[in-house]
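J.: This structure is in structure tokens; I'll ask about it shortly.
Computed from the coordinates by the stated procedures, all read-outs in this text should not be read as laboratory data. From a predicted model like this one, the values you see are computed outputs, not experimental measurements. Cβ coordinates were reconstructed from backbone atoms using ideal geometry, including for glycine residues, and neighbour counts include every protein chain displayed.
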């Protein structure tokens, strides 16, 4: 038996007591060394985690209480002025503005709509995917995983070209006569009401539609990959049993498939929502200047024109708290529905 | 004319023919077992009856009405699946009431009906449980009650006993049969277990390679197997390959007689079968169809005893009840064995066997 090896309880029961004791002592020494080593490694891991995660976060929180010196940098302080500014404006109480709360509202709105859209479209796709042959499933999954390697900037650029007024779909619409047809049938006015058309042609930039579409496109592969395990585990005979009991396809989806994947569905939507809350590139490219988000504002304050790190930090903290609040809320909801069913 | 009639049903999956030219009639109130080895097409046939698969050819008629194109949800034949397919997000009562709930029956009425059905399958008081809290046998009862809730015209079960252990299986076979007789519901059960089929069925349909080999009552199928395959699949049989010869069959140098002269042309290859329990190990009486054999193995099963013998006819197994058997039969002993003519069945020899011979 090696000295540094693990202690073996069987040896202690040996009838040859003296030898066993000696081995036991050696084992104890070995075990002690082993314990020290393990404690050391554990401490090291904790230090790395602390340094990589907690320290930057702590810094952001600390800076968010800092004070911006006009015309210069910022200094350490403990003031709530940045949070006040976010909630009610810099000149409160003389004057109240909700500029930054509005930005937070748009952050949440884009993220909610885009994540729900992604999950709602990925669900039927993934369900049908799991009913394909193994080969076809593998091909689709590899394709989707590959698309994840494309950077956000690349994807947004692609959509920028597709939706731009001078080279994308609007040109195709007017060249193919679709614009004229829509004008004739009255659909053009509907699009104008939705803010998707200029007086002459359809127009997707800037629009909420384009922002949400691109954002949900960005996270769509994640939605498929997150929903895939739950849907592929779904027993096909459950849907068949429902059919033999008189359930139409839509009833099967509503009463059997959806309830069976309710939790993964909520989890996926929540994860995508939190991910999209910090979305930056799509918003800067597609969103109306009046409908920019907190993430964009954070970047502008930290690295952009205004250079107000404490206020940027305060906005980040609020964004983080929002995400955390949604996660807790989602957890509560899922636990309650679990208990109720 | 039965409740349900299948006519020249065929099902192809690409190159593979799963079901081939099946024509069957299912009489009102009878339990029919579709019996065959795995891959014989019996489950595919059942799924086509349920409307879960479309036949490639042929028609399915319910009380004279063509329902071949009718989707499963409009046929509403209750079906019990191999793994029961209970809905885990619903309680036992909600599972049983499912067909009623989605059909628009009022909540209270559906629940009351579900409770009556649970009572019928001896699960009263289990309505509020989750399906995950039930044992295998209880889950099966829930699946049966759930399929019966919509009062289907035809009740379908796909290998319903395969997820249960052996002891429970036998109990449930009897119970299911009693329930079916009480309700008088036309039932089709898919199984690969001939004991299960014999226990439950009014009629057995033996299938092989997508075709119906024989359909008939359990006793008829056991006594008069239509083909050599059925003889081998239902119960046990000794097979002897020979050649028809002027009304008798020559197996090697031994001439075997049947009750009536064999109708096969002399020289045509035939296969004889004989049930092990029909073989007599005694030298008394007329020495017809009698040969000598050496005992190679004795398998004592308690109520019966299998004697394995080497004979000029090939390897033969004879089943003896203890009071019939010779006292102290031993390995190596030479005995006389008689194959009674009325116990012999004759079939054309299958092509594959001829190629091998």
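J.: Under a no-solvent Debye model with one identical scatterer per Cα of segment B:290-338, what's log10 I(q)/I(0) at q = 0.15, 0.21, 0.25, 0.28 Å⁻¹?
T.: For segment B:290-338, the Cα-only Debye profile gives -0.33, -0.65, -0.92, -1.13.
J.: Just to compare against my own numbers: the Cα pair-distance distribution for chain A, 20 Å bins, whole % per bin, please.
T.: Pairs per bin, as whole percents: 21, 41, 27, 9, 2, 0.
J.: So if I restrict to the alpha-carbon atoms in the protein assembly as shown, what is the Rg, and what is Dmax, the biggest pairwise distance, in Å?
T.: Over the protein assembly as shown's Cα set, Rg and Dmax evaluate to 38.6, 127 Å.
J.: In addition: Mind listing P(r) for segment A:260-328? All alpha-carbon pairs, 5 Å bins, whole percents.
T.: P(r) for segment A:260-328, in whole percents per bin: 3, 16, 21, 20, 18, 10, 6, 3, 2, 1.
J.: Still on this structure, I have one more. Rounded to the nearest Å, what's the spacing between the alpha carbon centres of segment A:78-144 and segment B:231-278? Just the number, please.
T.: 79
J.: Work out, in µm²/s and without decimals, the Stokes-Einstein translational diffusion coefficient of segment A:23-81 at 10 °C, 1.306 mPa s, Rh from Kirkwood over C-alpha pairs.
T.: 105
J.: Here's a follow-up. Give me the percent of DSSP beta bridges within the protein assembly as shown that run antiparallel, rounded to the nearest 5.
T.: Expressed as a percentage, antiparallel bridges in the protein assembly as shown total about 80.
J.: For helix A:99-130, what angle does its Cα long axis make with the longest principal axis of chain A, in degrees from 0 to 90 and rounded to 10?
T.: 80
J.: So what's the back-of-envelope 222 nm ellipticity for chain B, counting only DSSP H runs of four-plus at -39500 (n - 2.57) apiece and dividing by all residues, rounded to 500?
T.: That calculation yields -7000 deg cm²/dmol at 222 nm.
J.: Hey, another quick one. Just how many % of Cα pairs in segment A:201-341 lie over 17 Å apart, if you round to the nearest whole percent?
T.: So the portion of pairs separated by more than 17 Å is 71 percent.
J.: Still on this structure, I have one more. Could you calculate the FRET efficiency of residue B:224 with residue A:143 from 1/(1 + (r/R0)^6), where r is the beta carbon distance between them and R0 is 60 Å, rounded to 0.05?
T.: Given R0 = 60 Å and the Cβ-Cβ separation, E is 0.50.
J.: For chain A, what relative contact order do you get, as a whole percent, if you take Cα pairs closer than 8 Å and at least 6 residues apart?
T.: Relative contact order, chain A: 23 percent.
J.: Restricting to Cα atoms and excluding each atom paired with itself, what does the Kirkwood estimate give for segment B:25-155 in Å?
T.: Its Kirkwood hydrodynamic radius stands at 16.0 Å.
J.: Counting only C-alpha contacts under 8 Å and six or more residues apart, can you give the relative contact order of chain B as a whole percent?
T.: The value is 15 percent.
J.: Quick check on chain A: helices-only [θ] at 222 nm, where DSSP H runs of length 4 and up contribute -39,500 (n - 2.57) each and the sum goes over total residues. Nearest 500, please.
T.: The per-residue figure over chain A is -22500 deg cm²/dmol.
J.: Hey, another quick one. What nm distance separates the two modelled labels at residue B:129 and residue B:329, each placed 7 Å from Cα along Cα→Cβ?
T.: Between residue B:129 and residue B:329, the simple spin-label model gives 4.8 nm.
J.: Can you pull the one-decimal nm distance between simple spin-label points at residue A:87 and residue A:299, each 7 Å off the Cα toward Cβ?
T.: 2.8
J.: Taking a quarter of the surface of the convex hull around the Cα atoms of segment A:169-282, what do you get in nm²?
T.: Quarter of the Cα hull surface area: 10.5 nm².
J.: Provide the percentage of antiparallel DSSP beta bridges, counting only those with both residues in chain B; round to the nearest 5.
T.: Of the beta bridges lying entirely in chain B, close to 75 percent run antiparallel.
J.: State, in angstrom, two size descriptors of chain B derived from its alpha carbons: Rg to one decimal place and Dmax to the nearest whole number.
T.: Taking only Cα atoms of chain B, I get Rg and Dmax of 24.7, 77 Å.
J.: Next question. Hull surface divided by four, with the convex hull built on the Cα atoms of segment B:138-241: how many nm²?
T.: About 7.6 nm², averaged over all directions.
J.: Now for a separate question. Only Cα pairs under 8 Å and at least 6 apart count here; give the relative contact order of segment B:290-338 as a rounded whole percent.
T.: 45
J.: Over chain B, with a Gaussian network built from C-alpha contacts below 10 Å, which listed residue (B:136, B:216, B:328) shows the highest mean-square fluctuation?
T.: Maximum among the listed residues: B:328.
J.: If you don't mind, there's one more thing I want to ask. Using a Förster radius of 41 Å, what is the FRET efficiency between residue A:154 and residue A:41 based on their Cβ-Cβ separation? Nearest 0.05, please.
T.: 0.55
J.: Mean-square fluctuation check for chain A, GNM, Cα pairs under 10 Å: which of A:72, A:325, A:313 is largest?
T.: Result for chain A, Cα springs under 10 Å: A:72 fluctuates most.
J.: Test of understanding: in a Gaussian network model of chain A with alpha carbons linked when under 10 Å, which of A:266, A:238, A:157 would top the mean-square fluctuation ranking?
T.: A:238
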